[in-house]
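Engineer: I'd like to ask some things about the structure below.
The values are calculated or read from the model by the stated rules, or taken from the named source; none is laboratory data. Everything numeric in this text was worked out from a predicted model, so none of it was measured. Counting neighbours? That spans all protein chains shown, and the Cβs are built from the backbone with ideal geometry, glycine included.
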Amino acid sequence: MPAVLAAAWSLLAAAFLAALALVPRLRRAGVVSGLLQDLVRYGKTKRGCGQRPGWLRLLQVPKRWFTHFYVVSVLWNGFLLIGLFQAEFLGGLLPSWIQHVHRFLGRDSQSEDTGNEHFSALLVLLLLWLHSCRRLAECLWTSVFSNGVIHIVQYCFGLGYYVAVGSTVLCQVPTKVRNGKVVSLSHSVPFGDWFERVSCPHYFAELLIYVSMAITLGFHNVTWWCVVMYVLFNQALAAVLCHEFYQKNFSSYPKHRKAFIPFVF
């Protein structure tokens, strides 16, 4: 197991767990700085946080740039998928730079393939690539972006995340026409399906996707379960902030709804 990767993902998971536990409470106490608010909130959840200094507003980009994350993911993870497919089925070797990365991360690229590590990683990369294709299609042809913004640090982090997550999978192996009409750009209370149980079912579904990838790689794969923990805390934080937004802006918001996980949280 690449110890460096496991430590990095664990650190990210811990950082988002701390943010999940502290930011909402500190904000209610009025002690969270504008910079910290900008780094954890984006889109509609930035509203109601007061007037931010001009220099902070200069460091924000449109939320619709989320699309770039999935463009990068489709291209990068597609490249990794092709490379691993060639190594698995066409008798090729993984590129030398991957072997160097393996050694840097503490894994011997020549170690024995225990079980079906190559095939499992190939399947997970395929699932990740298909997931990215689906999200890119949603951004291009389904999502309606308002004038929400994200901090430039969040934007750069998002770009780096989809490069890192595909690379983490690979390191587990040895060696716009819209059909609908936009009625309004204002926010409203969503209803139906999973929305009856949670405020952010798409975040919960994202977690389930990564859990399914972890099961595919195997319960013994600690590194990928660290990725799952990061996704859990990252998506939980975003869900809690959205849940607070709905509760604050809609007095009739259903009391029984949870923020993230049905019946639990």
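Engineer: Mind counting the residues in the stretch 196-255 that are in contact with a strand residue (DSSP E or B) (Cβ under 9 Å, 6 or more places away or on another chain) and not in a helix (DSSP H, G or I)? Walk me through it before giving the result.
Structural biologist: At the first step, the residues of the stretch 196-255 found to be in contact with a strand residue (DSSP E or B) (Cβ under 9 Å, 6 or more places away or on another chain) are 197-199, 204, 239, 243.
Filter once more, keeping what is not in a helix (DSSP H, G or I): 197-199.
The total comes to 3.
Engineer: I've got another one for you. What single numbered condition from (1) within 26 Å of L130 (Cα to Cα); (2) at pLDDT 85 or above; (3) not aliphatic (A, V, I, L, M) fails to hold for Q60?
Structural biologist: Looking at each condition in turn, Q60 falls short on (1).
Engineer: Under 7 Å between Cβ atoms, at least 6 apart or on separate chains: pull out the pairs that start in the stretch 16-39 with a residue that is assigned to a loop (DSSP other than H, G, I, E, B) and end on any residue that is modelled with pLDDT of 70 or more.
Structural biologist: V32/V23
Engineer: Right, something else. Where residues in the stretch 167-213 are surrounded by fewer than 17 Cβ atoms within 10 Å (Cβ to Cβ) and of a type in the set (S, T, Y), which of them is modelled with the highest pLDDT?
Structural biologist: S212
Engineer: Let me ask something else. Where the second residue is part of a loop (DSSP other than H, G, I, E, B) and the first is of a type outside the set (A, V, I, L, M, F, W, C) and lies in the stretch 77-100, which pairs have Cβ atoms under 6 Å and are six or more apart or on separate chains?
Structural biologist: Q86/G92; Q99/S109
Engineer: Criterion first (out of contact with any Phe, Trp or Tyr (no Cβ under 8 Å at 6 or more places or on another chain) and either under 20 Å from V231 (Cβ atoms) or at pLDDT below 70 (or both)) does L125 satisfy it?
Structural biologist: Working: out of contact with any Phe, Trp or Tyr (no Cβ under 8 Å at 6 or more places or on another chain): yes; either under 20 Å from V231 (Cβ atoms) or at pLDDT below 70 (or both): yes.
Judged against the criteria, L125 is a match.
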